[in-house]
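Notes to accompany the following structure.
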Amino acid sequence: VIDNLSFGVRSGSAVVLTGPNGAGKTTLLRTLAGFMHPAAGSLRLEGGDAERTIAEQCHFVGHLNGLKGTLTVAENLAFWAEYFDGERNCGAKVEAALQAFAIESLASIPAAYLSAGQKRRVALARLLVAHRQLWLLDEPTASLDTHAAKLLADAVNRHTKTGGLAIVATHLPLGLSNAAELRLGLAKETV
């Protein structure tokens with residue numbers, strides 16, 4: 001799907017992946033996250049923990065939100081904090097994540113009762129309950145309204161301003177600071 005691609009992302013910056021459907025944006029993110037292995041070449045996270053895979057050092061938010069419908073919004077975020085960092089007393093992190101995505105009023109609602117946009121905001125809020133240097137986001141604005149998309153951009157900008165990295169596949173402009181664009185294209189068809 002992707003051939004002859006080489007790029008780097010510096011600490012404190014973002015790369016916005018663009019291109020038509022089928023160009024390989026999701027494939028690239030899944031490969032970076034370690035869900036797929038490249039047929040050739042290599043991936044490196046300089047400055048990362050050499051004992052851990054890139055997958056263990058990143059947050060990946062894909063097309064599915066990864067929420068447990070029977071758990072409340074706060075319980076879902078607490079679950080992810082414990083899963084990622086083994087942290088059981090994470091109330092302050094959960095509260096900060098709820099505030100960052102303006103979902104405090106939903107904290108006690110089971111995730112199954114949320115709208116698609118609310119579920120997406122909860123999925124994105126988990127980026128904030130456990131620190132990861134690298135964020136891989138695949139169409140993160142799916143189901144988000146304009147206000148929620150701005151909250152996402154604010155979160156990504158805060159992450160990169162503190163030295164984090166973000167690689168974001170999107171069809172919509174996000175208004176990210178310190179971001180470069182990497183446009184993927186479709187291979188020309190041959191007859």
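The values are calculated or read from the model by the stated rules, or taken from the named source; none is laboratory data. Because the structure is a prediction, the values reported are computed rather than measured. Virtual Cβ from ideal backbone geometry, glycine too; neighbours counted across all protein chains shown. Keep in mind that these areas ignore ligands, DNA and RNA; they rest on the heavy atoms of the full protein, side chains included. Shrake-Rupley method; radii C 1.70, N 1.55, O 1.52, S 1.80 Å.
Observations, loosely collected:
- Alpha-carbon Rg with Dmax, taken over the stretch 19-79, Å: 15.0, 43
- Tally of Lys pairs whose C-alpha atoms are under 18 Å apart, taken over the chain, 8 or more apart or cross-chain: 4
- By DSSP, the beta bridges lying fully in the chain are antiparallel in about 5 percent of cases.
- Taking every protein chain into account, the accessible area of the stretch 76-177 amounts to 44 square angstrom per residue (probe 1.4 Å).
- Taking GluC sites (Glu not before Pro) as exposed when their DSSP state is a loop state and no more than 11 other Cβ atoms lie within 10 Å, the longest site-free interval of the chain runs over 52-188.
- Backbone amide hydrogens, once placed in the peptide plane, bring F60 within less than 5 Å of L136, excluding anything fewer than 5 places away on its chain.
- Selected from Q99, Q133, Q118 as most flexible by GNM, with the chain as the system and alpha-carbon contacts under 10 Å: Q99
- Mean projection of the Cα convex hull over all viewing directions, computed for the chain: 11.8 nm².
- Computed over the stretch 126-180, the Cα gyration tensor eigenvalues convert (square root of 5λ each) into semi-axes of 17, 12, 11 Å, ordered from largest to smallest.
- Rounded percent of accessible protein surface that carbon and sulfur make up, the chain, 1.4 Å probe: 52 percent
- Principal-axis analysis of the Cα atoms of the chain puts helix 91-100 at an angle of about 60° to the longest axis.
- In the elastic network of the chain, a GNM with C-alpha springs shorter than 10 Å, the most mobile of A14, A33, A50 is A50.
- Charged-residue dipole, Cβ positions (Lys, Arg, Asp, Glu), the stretch 69-191 about Cα centre, Debye nearest 20: 180 debye
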